[in-house]
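Encoded as structure tokens, the structure appears first; notes follow it.
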Amino acid sequence: MRLFSGSGSGSLRYSSTSAPRALFGYNYRSTCTAGTCTYDTYQLEYRRYVPSALVLLSMSSPKIRWNKPRCHPSDSETKNVPCARSGHTLSVIGNTGFLFGGLSAGLHDKIARPLNELHILKMGSSEFEWCLLELADGQKPLARWRHSASIYDGTQIIIFGGYYTASLRLSDVWVFDTVAMEWQQPHFDQDPGFIANGSHPASSTWPGLPAPRGGHSATLIGHSMFIFGGYGGHGYARRDLD
């Protein structure tokens, strides 16, 4: 199995090179009820057992269960724990999760705003630890939600598009190197995908770049990533495949 994906308030990507006897997935969930938001980290455990060495063609039914691991902030600082949000992505490489972006209400004014922070989840056997990667604004993507995140080569996370505001969409590409712990942009002079008047012109610096969108799908096969569908500027739907 190459990819384990899940749905809910956050997207989940899990990279694996073979079909293991036990496969673990992780999701960061936030819920809001009566104006109060909560956020939790859950672990999904999937196991399939061979009941007997004499049974060659049949296997027992899969066993799936949710666990709620103990999570704590790095250095006991609350800023290292992600705030409640939706429309984010959570990419898991090995025993480390990378939570990026999303839409969150402010603590005081309760106005929803997009985020561009990256939180790192270190997953141990008994407990997890959250840590915020602090970088200057010029060294990370614009804030966004409902973008896509794809794991490439087991060490890189490719971010494409997303919502910047309710009517403005992004078409930029960013790559996070999980070894160097830094953001990179394949085309340094690439525009975000929109201009101040609210229009979404075609890219003049990167021919063939998909039009701005959010809520799309991004599927990585080998060295190629396929972008399909999503919502363009002002909420219109897209049906193209790039």
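Note on the range 63-206: dipole from Cβ charges, positive end direction compared against W174, H108, L132; the farthest Cα belongs to H108. Maximal additional length on extending the S217-Q185 stretch stands at 9.5 nm, based on 0.36 nm per residue less the C-alpha distance. Converting phi to 3J(HN,Hα) with the Karplus coefficients 6.51, -1.76 and 1.60 and the offset θ = phi - 60°, the range 127-142 yields 8, 10, 10, 9, 8, 8, 8, 8, 9, 5, 4, x, 10, 8, x, 5 Hz in sequence order, with x at every glycine or proline. When Y152, Y231, Y163 are compared by accessible area at a 1.4 angstrom probe, the order from most to least is Y231, Y152, Y163. Cross-link partners among lysines for K140, C-alpha distance below 24 Å, same-chain residues fewer than 8 apart left out? Result set, ordered by chain and number: K79, K122. Annotation: peptides 68-81, 108-121, ranked by per-residue average of other Cβ atoms within 10 Å with the highest first, follow the order 108-121, 68-81. Calculation over all alpha carbon pairs of the range 78-199 in 10 angstrom steps from 0 returns a P(r) of 12, 44, 33, 9, 1, 0 percent.
A protection proxy built from the mean count of other Cβ atoms within 10 Å ranks the segments 170-178, 197-205, most packed first, as 170-178, 197-205.
The values are calculated or read from the model by the stated rules, or taken from the named source; none is laboratory data. Values in this document were obtained by computation on a predicted structure and should not be read as measured data. Please note: Cβ atoms are built from the backbone with ideal geometry, for glycine as well, and neighbour counts cover all protein chains shown. To get the accessible areas, we keep the full protein, side chains included, count just its heavy atoms, and leave off ligands, DNA and RNA. Shrake-Rupley method; radii C 1.70, N 1.55, O 1.52, S 1.80 Å.
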